[in-house]
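Below is one structure; the comments refer to it alone.
The values are calculated or read from the model by the stated rules, or taken from the named source; none is laboratory data. Only a predicted model underlies this, so the values are computations on that prediction, with no experimental measurement involved. In this analysis, Cβ positions are derived from the backbone assuming ideal geometry, glycine residues included, and neighbour counts consider all displayed protein chains. Areas reflect the complete protein model, heavy atoms only, side chains present, ligands, DNA and RNA absent. Shrake-Rupley method; radii C 1.70, N 1.55, O 1.52, S 1.80 Å.
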Amino acid sequence: MLRLDLAQEPRLLEIETNTRQRLGEAQRMQWLGEVAGLQESLRHIAGKKQQVERLRAQVGHGEAGVGALG
C-alpha cells in the first residue's frame, strides 16, 4: 500500500509504468495468473490516482490538516 501525499505522485506514476510493462510481458508470455494480478494492481493504482486528484483539489481549496490519503 502506498500512503499518498502530493509528493508521492511521481512514485505512483513510476509504479504504474512498471506495472504496465510487466503486464505486457505477462501477456506475451501468456502467464494468465500474472496478467490477472497485474490488471488488479492497475485498478488499485487508478484508485490511488483518483485519491491524488481529490487531495490536490482539497489542497487547492486551502483545507488545513489534509496531509495524506491511504
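Below, the figures for the structure above:
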| item | result |
| --- | --- |
| First in segment 33-46 and under 13 Å from L13 (Cα atoms), second anywhere and at pLDDT below 95 and part of a helix (DSSP H, G or I), Cβ under 8 Å, 6 or more apart | I45/L12 |
| Search result, residues across segment 15-56 that are of a type in the set (D, E, K, R), under 9 Å from the mean Cα position of the chain (by Cα) and open to solvent by 100 Å² or more (accessible area, probe 1.4 Å) | R43 |
